[in-house]
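Trainee: Got a structure for you, questions after.
Read-outs: derived from the displayed coordinates by stated rules, not from any lab. Because the structure is predicted, anything quoted here is derived from the model rather than measured. Here Cβ is always computed from backbone atoms with ideal geometry, including for glycine, and neighbour counts include all displayed protein chains.
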């Protein structure tokens, strides 16, 4: 139980890639972390599972009920729909940026680096993403790499569902080791 006493937020809304929410959630819980699904509204959010709508996931807390002080890390699942909806929500962007500014782990997979672009976190960082948003990441000032997981001072990125085991393991390692606290000011 490497993460006993640690709290991690997974920020998502309708259209999250099913595996990109469920795999990290399950791995983090298995490691002993308390994991909250945070969203724009209460109730359930519905995933996207490869080519069609997936299973609903219960929202634990809304953005109005949380702050960066509540968590040790944030996980941002991808899918095309989810991060595109979240990147126009000022409360979502503020929550992500507040966690980053508090020198806590920020992890984004697939299309979720769009949120790191929107918050300004991507600029000057080594990152990866789903291949279709590589140009977006580069244009935001990041150094894009084609690797299953890239870590740059507590900012963790991965490409796609095939990378989820490495992505989840790296989140556990970074939160456990407290490496994120060594991040220099952005």
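Trainee: For every helix of n ≥ 4 consecutive DSSP H residues, a contribution of -39,500 (n - 2.57) applies; sum these over the chain, divide by its total residues, and give [θ] at 222 nm rounded to the nearest 500 deg cm²/dmol. Could you put the intermediate results ahead of the total?
Mentor: Values: 6 runs with 57 residues, N = 186.
Taken over the chain, the calculation gives -9000 deg cm²/dmol.
Trainee: If contacts are Cα pairs under 8 angstrom and at least 6 residues apart, what is the relative contact order of segment 102-186 in percent? Write out the running numbers ahead of the final one.
Mentor: On the way: 155 pairs, mean separation 27.8, N = 85.
Worked out over segment 102-186, it gives 33 percent.
Trainee: Only Cα pairs under 8 Å and at least 6 apart count here; give the relative contact order of segment 42-106 as a rounded whole percent.
Mentor: Numbers: 61 pairs, mean separation 18.7, N = 65.
Value for segment 42-106: 29 percent.
Trainee: Would you mind pulling out the separation of the Cα centroids of segment 48-106 and segment 1-45, in Å?
Mentor: 9 Å
Trainee: Right, another one. In what order do 126, 55, 87 fall by count of nearby beta-carbon atoms within 10 Å, going from fewest to most?
Mentor: Values: 126 15, 55 11, 87 18.
The order, fewest Cβ neighbours first, is 55, 126, 87.
Trainee: Now, a different point. Out of all DSSP beta bridges with both ends in segment 27-155, state the antiparallel percent to the nearest 5.
Mentor: Values: 6 of 15 bridges.
Close to 40 percent.
Trainee: At 0.36 nm per residue, and after removing the present C-alpha to C-alpha distance, how many nm does the segment from residue 4 to residue 52 gain when stretched out fully? If you can, show how the numbers build up before the last one.
Mentor: Numbers: separation 48, 0.36 × 48 = 17.28 nm, distance 3.54 nm.
Extending this stretch completely gives an extra 13.7 nm.
Trainee: Quick check on the exposure proxy: order 62, 128, 34, 13 from fewest to most C-beta atoms within 10 angstrom.
Mentor: Working: 62 14, 128 26, 34 17, 13 23.
In increasing order of surrounding Cβ atoms, one gets 62, 34, 13, 128.
Trainee: In nm, to one decimal, how far is the residue 69 label point from the residue 143 one, both placed 7 Å along Cα→Cβ?
Mentor: Inter-label distance under the simple model: 3.7 nm.
Trainee: Here is a follow-up. So what is the relative contact order for the chain, in percent, with contacts set as C-alpha pairs under 8 Å and at least six apart? Show your work: numbers first, answer last.
Mentor: Details: 435 pairs, mean separation 37.5, N = 186.
Once normalised by length, the contact order is 20 percent.
Trainee: Subtract the Cα-Cα distance of residue 44 and residue 89 from 0.36 nm times their separation in residues, and report this length gain in nm to one decimal.
Mentor: Details: separation 45, 0.36 × 45 = 16.20 nm, distance 1.82 nm.
Length gained, residue 44 through residue 89: 14.4 nm.
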